[in-house]
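Working notes, beginning with the structure itself.
The values are calculated or read from the model by the stated rules, or taken from the named source; none is laboratory data. A quick note: this is a predicted structure, and the numbers were derived from the prediction, not measured. Ideal geometry is used to build each Cβ from the backbone, glycine not excepted, and the neighbour counts take in all protein chains shown. Protein only, heavy atoms only, side chains kept; ligands, DNA and RNA dropped before computing areas. Shrake-Rupley method; radii C 1.70, N 1.55, O 1.52, S 1.80 Å.
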Amino acid sequence: MTGPELPPGSGRRLTRAFFARPPEVVARDLLGRVVVSGSGPTTVAVRLTEVEAYAGADDPASHAFRGSTARNAVMFGPAGHLYLYFVYGMHWCANVVTGPVGEASAVLLRGGEVLTGSDLAALRRPGVRRTADLARGPAGLATVLGWGPATNGHDLVTGEEQLRAGRRVADDALSTGPRVGVSVAAQVPWRFWVTGAPGVSAYRAAVRRPRRTGSSSMGD
DNA sequence: CCGCCGATCCTCT
DNA sequence: GAGGATCGGCGGG
């Protein structure tokens with residue numbers, strides 16, 4: 001009768017102060033925490049197992065590196081808000097804004113383990129066979145949660161979408177390494193993941209492949 | 001398991 | 001006009 005509920009032990013909601021710290025500190029501390037979207041029968045809860053930190057103006061790999069634009073405006077606002085961006089013409093990915101207002105640092109939510117609402121999660125991810133893969137990768141995680149353009153700017157501290165305390169991961173249970181898919185500052189080890197956990201994606205270095213030559217002026 | 005590759009369109013230069 | 005904080009299918013070892 002009742003829909004899915006919050007998993008036992010999901011704990012208190014994380015506070016503004018939690019997010020208002022440096023991105024690499026927040027990132028590491030987010031592992032094992034629980035993202036919740038929806039309510040009642042539409043509840044989906046995911047335990048975070050992979051995240052990535054991005055600094056603001058000092059980080060060439062950050063979307064905020066070249067200053068404020070229409071797309072990244074949320075990054076320059078208060079910590080604890082969601083920054084959703086559209087990439088490769090088809091995927092939405094979710095960040096949590098960190099640090100003080102104006103710094104524009106953030107943490108990309110890269111993967112997790114579905115704790116609640118796996119039926120709905122599977123509906124949102126047709127074609128995914130293994131339950132452990134439902135929230136694997138930043139686009140998959142956002143999709144499972146039902147997040148998209150309408151979610152951009154949402155406040156995790158006061159809104160319906162939430163981040164709950166869950167259980168912090170011990171130092172000896174996590175790994176760190178270079179960030180996935182970035183073509184600059186790739187050596188910065190700001191990717192954090194729970195070693196061997198579901199939802200952790202394989203490392204992929206950024207690759208620039210030659211684009212098909214335009215066929216506009218030549219006969220087809 | 002691993003690596004290559006296309007899809008697809010928004011964003012900023 | 002180029003390139004992107006990706007994904008999943010396919011083919012080879």
- [ ] Name the most mobile residue of A:Val128, A:Val97, A:Val36, meaning the one with the largest mean-square fluctuation, in a Gaussian network model of chain A with Cα contacts below 10 Å.
- [x] A:Val128
TODO: Compute the signed sum of charges (Lys and Arg +1, Asp and Glu -1) over the other residues within less than 15 Å, Cβ to Cβ, of A:Met75.
DONE: -3
Open item on the list: If each residue of separation counts as 0.36 nm, what is the full-extension length gain between A:Ala139 and A:Ala205 once their alpha-carbon separation is subtracted?
Closed with: 22.1 nm
- [ ] Go through A:Pro149, A:Met90, A:Phe192 and say which Cα lies farthest out towards the positive end of the charge dipole of chain A; charges sit on Cβ, +1 for Lys and Arg, -1 for Asp and Glu.
- [x] A:Met90
Task: A:Tyr83, A:Tyr203, A:Tyr54, A:Tyr88, ranked by accessible area, largest first (probe 1.4 Å) - done: A:Tyr88, A:Tyr203, A:Tyr54, A:Tyr83
Open item on the list: Can you tally the net charge around A:Arg13? Count Lys and Arg as +1, Asp and Glu as -1, for every other residue whose Cβ sits under 14 Å from the Cβ of A:Arg13.
Closed with: +1
TODO: Give the peptides A:5-11, A:171-177, A:112-118, A:55-61 in descending order of average Cβ contacts within 10 Å, highest first.
DONE: A:112-118, A:55-61, A:5-11, A:171-177
Task: Assigned charges on the beta-carbon of Lys, Arg, Asp, Glu; segment A:16-194 dipole about Cα centre (debye) - done: 300
TODO: May I ask you to give the solvent-accessible area per residue for chain A, in square angstrom, as obtained with a 1.4 angstrom probe?
DONE: 51
Task: Overall form of segment A:16-194 per C-alpha gyration tensor (a/c, 1.5; a/b vs b/c) - done: rounded
TODO: Determine the sum of side-chain charges near A:Thr158: Lys and Arg each +1, Asp and Glu each -1, restricted to other residues whose C-beta is under 11 angstrom from that of A:Thr158.
DONE: -1
Task: Sequence of A:Arg168, A:Arg47 when ordered by accessible area, the most exposed leading, probe 1.4 angstrom - done: A:Arg168, A:Arg47
